[in-house]
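**Student:** Here you go, one structure.
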Amino acid sequence: MNKNLLTIVKFLLFFSLGFVILYLLYQSQNEAYLEECKLKGIADSDCVLIDKIIADFKSIKLIWVLVVVVLFTISNYLRAIRWQALLKVMGYESKTYNAFGTVMLGYFANLGFPRLGEIVRPATLSKYENIPLEKNIGTIVVERVIDVVCLLICIALAIILGGQTMVNYLQENSAISSTQIFILLGLGVVGFVSSIFIYRSLVKQNSTNKIFLFIQEKITGLVDGLMTILKLEQKFVYILQTIGIWVCYYLMTYLFFYAYVPTEHLGPVAGLVTFVFGSLGIVFPSPGGMGSYHFLISQALILYGVNGFEAFTFANILFFAIVIFCNILLGLISLIMLPILNK
């Protein structure tokens, strides 16, 4: 199959997954909204959820949208300078505007195809800063590992601070036991160790093969990128930057509660739980987390007493404010400015 055609097929597949989830969620919340209208004696013709969503969009307090944009920009600036610190360990200097712009291009690319940004980002910086791509990718892998650790910490905090509300939700919706989790982790460790032994065996057998030596060189570059985290001189600064990034992410969700009347009464813990649910939704392989993000944000808000259709409306507003507006705005600016700044 033609490579471009395969890319289009993959995009349509992931987009369809997200769209189907979003459509089914809309249908269920529209039915709930109609039931609410019947109880209030309002005709079905005057009760269309999409009309309510549009009206709620117009009622949003724009000052909080601006706050979200500022926090989003700060978080990605911190991500850019943190990335520069990893590159510096390997002896590569990069301009801050290039690091920041390529971070934004990565998010922008993810809107078209899930995880595409993980390639676009290092490839673009390598092009502008003349850094070996495999080493650049190694630093991205380090970032993703750090992100996973941070997300797990946030999940743990949400479970602890969420109290019985979170415990009940997990008990009702858990699809995998703790034993199964340990088995999967064990298999992962065994697979990782086995791959190391297999790789060493191949090195011994192909020590003079030019193709293998080329591959080995690329793997070595990737490992160099991975090892940067251990060679950082200012590890404490790196930790502070990481905390700053995730605090910004959390505040983007929590402070946005104040933009929408049905959620403005919710507190910091509800903000943390909603943020964690939304983060898990973004992980789902659909463009920008479409559908899964809406579903999980809605689930979190329902836990704290928000009506399902109002929770769905909030999820849409937050999705467009952060995932669509911020990513597209800053992504397009970066797409235009980077070639100009790097003439």
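**Student:** Give me the distance in nm between label points sitting 7 Å out from Cα along the Cα-to-Cβ direction at Asn130 and Val70, one decimal.
**Tutor:** 4.0
**Student:** So for the pair Gln234, Phe57, with labels modelled 7 Å out along Cα→Cβ, what separation do we get in nm?
**Tutor:** Roughly 4.3 nm, to one decimal.
**Student:** A further question on this structure: Which value in nm describes the separation of the simple spin-label points at Cys150 and Leu341, placed 7 Å from the Cα toward the beta carbon?
**Tutor:** Result: 2.0 nm between the two label points.
**Student:** How far, in nm, would the chain grow between Glu264 and Arg115 when pulled straight, counting 0.36 nm per residue and subtracting the alpha carbon separation?
**Tutor:** 50.3 nm
Read-outs throughout are calculated quantities, based only on the coordinates presented, and are distinct from any laboratory measurement. As the structure is a prediction and not an experimental result, all values here were calculated from the model. Don't worry about glycine lacking a Cβ; one is built from the backbone with ideal geometry, like all the others, and counts go over all protein chains shown.
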